[in-house]
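Undergrad: I am attaching a structure below and will ask some questions about it afterwards.
The values are calculated or read from the model by the stated rules, or taken from the named source; none is laboratory data. Since this is a predicted model, take the numbers as computed values, not measurements. Methodologically, a virtual Cβ is constructed for each residue, glycine included, from the backbone with ideal geometry; neighbour enumeration extends over all protein chains shown. Please note that ligands, DNA and RNA were not included when accessible areas were found on the heavy atoms of the full protein model with its side chains. Shrake-Rupley method; radii C 1.70, N 1.55, O 1.52, S 1.80 Å.
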Amino acid sequence: MSPAAREAEFELRRLVESIHFENPVAVTLTMKKRAGSQAADSIVASNNFRHFRNRLEHAILGSAAKRHGRRLSMIAVLEMSADHRLHYHCTIDRPYHCSFERLSNTIREQWQKTDFGYRQVDIQDQPDTGWTDYILKQRQKGSLFDSIDWANCQLIAE
């Protein structure tokens, strides 16, 4: 890795670590390889995740998600596993009014309602700092910068 790429990766890591989550939830969402005749790729994955994010925000935040533009803070990173199955690693900030159980059940329910939502979902409450290292690992990514789904991230840095 070149010194410039190493410096850029360091700055990206610093950006991600500067984001403050009050009640972080670590989420891994696995995608189906195909839905009908459509194969999953990074563009399809991003569109599918956007659909999931909209459904989740409406279920958790209610009409304020649409009417007032309220969003759940989150970062979403797309990876491909060794068996060529796309999956997202996310950190989602759980709102204070929502229990972990409710958010967890809602995530599972809304993910299954997307075209590419696969049954394999893992959700952990209050992940440690190792979660950030894990989602930013180089393995299973072509490019760390391209693997972050910027269109579906809602970041509030402090």
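Undergrad: Provide, for q = 0.09, 0.17, 0.21 Å⁻¹, the log10 of I(q)/I(0) from a solvent-free Debye sum over equal Cα point scatterers in the stretch 20-158.
TA: -0.24, -0.92, -1.43
Undergrad: Order the following by accessible area, largest value first: Tyr134, Tyr96, Tyr88, Tyr118. Probe radius 1.4 Å; ligands, DNA and RNA are ignored.
TA: Output order, biggest surface exposure first: Tyr96, Tyr134, Tyr118, Tyr88.
Undergrad: Of the options Phe100, Gly117, Ser2, report the single residue whose Cα projects farthest towards the positive end of the charge dipole of the chain (beta-carbon charges: Lys, Arg +1; Asp, Glu -1).
TA: Most positive-ward Cα: Gly117.
Undergrad: Contour minus end-to-end for Ala64 and Glu9, with contour as 0.36 nm per residue of separation and end-to-end as the Cα-Cα distance?
TA: On the way: separation 55, 0.36 × 55 = 19.80 nm, distance 3.56 nm.
Here the answer is 16.2 nm.
Undergrad: Which shape class applies to the stretch 80-158: rounded if a/c is under 1.5, otherwise prolate when a/b exceeds b/c and oblate if not, where a ≥ b ≥ c are the square roots of the Cα gyration tensor eigenvalues?
TA: oblate
Undergrad: Right, another one. Can you tell me which aspartates and glutamates have their Cα less than 15 Å from the Cα of Lys33? Leave out same-chain residues fewer than eight positions away.
TA: The qualifying aspartates and glutamates are Asp41, Glu79, Asp83, Asp115.
Undergrad: Another question, if that's okay. Which residue, Ala59, Ala39, Ala82, has the most motion in a Gaussian network model of the chain that connects Cα atoms within less than 10 Å?
TA: Ala82
Undergrad: With every atom except the alpha carbons ignored, what do you get for Rg and Dmax of the stretch 1-58, in angstroms?
TA: For the stretch 1-58, the Cα radius of gyration and maximum Cα-Cα distance read 16.3, 44 Å.
Undergrad: Based on DSSP H runs of at least 4 residues, each adding -39500 (n - 2.57), what is the mean residue ellipticity at 222 nm of the chain after dividing by all its residues, to the nearest 500 deg cm²/dmol? Walk me through the numbers before you get to the answer.
TA: Values: 6 runs with 63 residues, N = 158.
Mean residue ellipticity, 222 nm, calculated: -12000 deg cm²/dmol.
Undergrad: Specify the inter-centroid distance of the stretch 25-64 and the stretch 114-130, based on alpha-carbon positions, in whole Å.
TA: Measuring centre to centre over Cα atoms gives 12 Å.
Undergrad: Using the membrane-span-like helix rule (whole DSSP H runs, Cα extent along the own axis of at least 15 Å, mean Kyte-Doolittle hydropathy at least -1.0), which helices of the chain qualify? Provide the component values of the computation, followed by the final result.
TA: Working: long enough: 3-18 (22 Å, -0.62); 42-61 (27 Å, -0.28); 100-112 (18 Å, -1.37).
Those that clear 15 Å and a mean of -1.0 are 3-18, 42-61.
Undergrad: Under 12 Å Cα to Cα from Lys66, which aspartates and glutamates show up? Leave out anything in the same chain fewer than 8 places away.
TA: Glu57
Undergrad: Right, something else. Among Val16, Val77, Val25, whose mean-square fluctuation peaks in a Gaussian network model of the chain (Cα, cutoff 10 Å)?
TA: Answer for the Gaussian network model of the chain: Val16.
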